[in-house]
Amino acid sequence: MVMCLAAWAVPGGGHVWLGHRTKGLIFCVVLTLMFVTGLAAQGRIFPFDFSEPLVGLAAFADLGIGLPYFVAGLLSYGAGNVRAVSYEYGNAFLIVAGLLNLLVVIDAYDIALGRK
């Protein structure tokens, strides 16, 4: 279970923990760059507002990236600029980075259980 928490917190961290260093480092670099690209494209890190279900789901997806989510929040990134041409692309990058990291966590869990 601790391995899953590490895998969520640091993209690719679970794979590194399990000895798959190259794969883990690739996940770390690619997913973090995807998240940073979303921020650079002026995407929005969505708030947890479940009165609008899609906004709540997007917030959960954003949180899936782990520590970069909290670092961006501390540095006040991710406010989003609706007027920016790249706003929707930025949102897509942020959401997909979080969801892909959750898939990477599941993959690390499967490896830990010997399913892969």
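Nothing in this text is a laboratory measurement; each read-out follows from the coordinates by a stated rule. If you're wondering where the values come from, they're calculated on a predicted model, not measured in any experiment. Reconstructed Cβ throughout: ideal geometry from the backbone, glycine too, with neighbour counts over all protein chains shown.
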Q: Kindly provide log₁₀ I(q)/I(0) values, in the same order as q = 0.24 Å⁻¹, from the Debye equation applied to equal alpha-carbon scatterers of region 2-113.
A: -1.21
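Contact order normalised by length for the chain, with contacts defined as Cα pairs under 8 Å and 6 or more residues apart; what percent is it? Don't skip to the end; give the middle numbers.
On the way: 183 pairs, mean separation 41.1, N = 116.
Computed over the chain, the figure is 35 percent.
Please give the peptides 90-97, 107-114, 14-21 ranked by average Cβ packing (other Cβ atoms within 10 Å per residue), highest first, as a rough proxy for protection. Please report the intermediate quantities before stating the final value.
Numbers: 90-97: 22.5, 107-114: 15.4, 14-21: 18.0.
The packing order, highest mean first, is 90-97, 14-21, 107-114.
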Q: Apply the Karplus parameterisation 6.51 cos²θ - 1.76 cosθ + 1.60, with θ equal to phi minus 60°, to every residue of region 82-88 and state each ³J(HN,Hα) to the nearest whole Hz, in sequence, with x for glycine and proline.
A: 4, 6, 5, 4, 8, 3, 5
(Q) Taking the Cα centroid of region 13-72 and of region 79-110, what is the distance between the two, rounded to the nearest whole Å? (A) 6 Å
Q. What is the set of long-range amide H partners of R44 at a cut-off below 5 Å, with H atoms built 1.01 Å from backbone N?
A. N91
